[in-house]
Structures are given as structure tokens and as C-alpha cells.
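See below for the structure under consideration.
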Amino acid sequence: MGPQQDRSAAKPYANGSTAAAAAAGRKENNKVVRYRECQRNHAASIGGHAVDGCREFMASGAEGTAAALLCAACGCHRSFHRREVEATAAECDCSSDTSSGTGRR
């Protein structure tokens, strides 16, 4: 492997956000997308099941680069991490009025 880099320092992007903020959640169509625990089976080649214990995806590089798709914690591709989409409050239709007034009781 190459020389170790200090990943503890938050490097700002041109828009003022940091790599940690970008990795923690991305907005797609007013939805926040987060990548949680790694689900890669490291023992698949021997017929077993073993995951590495990585709890959340952290991008290795700046957004838009190839390194942004690799997790800094476990080294796996982002696609191995469980994708979680959270609806924003503006999208949530939380009305409890289900009666239209025309139904029978």
C-alpha cells in the first residue's frame, strides 16, 4: 500500500462543505441518501459469511473522483454499503384525514 495519509483533517470542497459532510448524506431529488453498514461478505470464496464491521461509509476522496466511491474505513466500494433514503419533511404527507365524506360508516 502507499504512504498513509491523514484522513482525520476535514478538507473543504469548493462549496464550503467537507468530505465527512458529503459522505454522511447526499441529496437526490430532495431526499437524503446515506450509506450505512458494509454488507460485503469477505468469506464468500470459502463458502462462509463474514462482514468487516464497518458501520458507515466514509468517502476516501473528494466528490467526483474515483476515490469518493471507496470507503476510508473498510476499503470497500460504496455499493457494498446499505443504502438508506430518508424523505425530507417537505415531502412527507403526514395528514391523518383519510375519510372523503362519501364512504359508509
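Express the accessible area of the range 31-87 per residue in Å², computed with a 1.4 Å probe while the remaining protein chains stay in the model.
Roughly 60 Å² per residue, with all protein chains present.
Evaluated over the Cα positions of the range 31-87, the convex hull gives a direction-averaged projected area, one quarter of its surface, of 4.3 nm².
For the range 31-87, calculate the relative contact order in percent as a whole number, restricting contacts to Cα pairs under 8 Å that are 6 or more residues apart.
Working: 102 pairs, mean separation 24.2, N = 57.
Relative contact order, the range 31-87: 42 percent.
Around the amide H of residue 81, modelled in the peptide plane, lie the amide H atoms of 39, all under 5 Å away and 5 or more residues distant in sequence or on another chain.
Each peptide in 54-60, 76-82, 44-50 was scored by the mean count of other Cβ atoms within 10 Å over its residues; highest first, the order is 54-60, 76-82, 44-50. With a simple spin-label model that places each label point 7 Å from the Cα along the Cα-to-Cβ direction, the separation between residue 56 and residue 87 comes to 2.3 nm.
The values are calculated or read from the model by the stated rules, or taken from the named source; none is laboratory data. Source: prediction; values computed, not measured. Cβ sites come from the backbone with ideal geometry, for glycine too, and all protein chains shown count toward neighbours. To get the accessible areas, we keep the full protein, side chains included, count just its heavy atoms, and leave off ligands, DNA and RNA. Shrake-Rupley method; radii C 1.70, N 1.55, O 1.52, S 1.80 Å.
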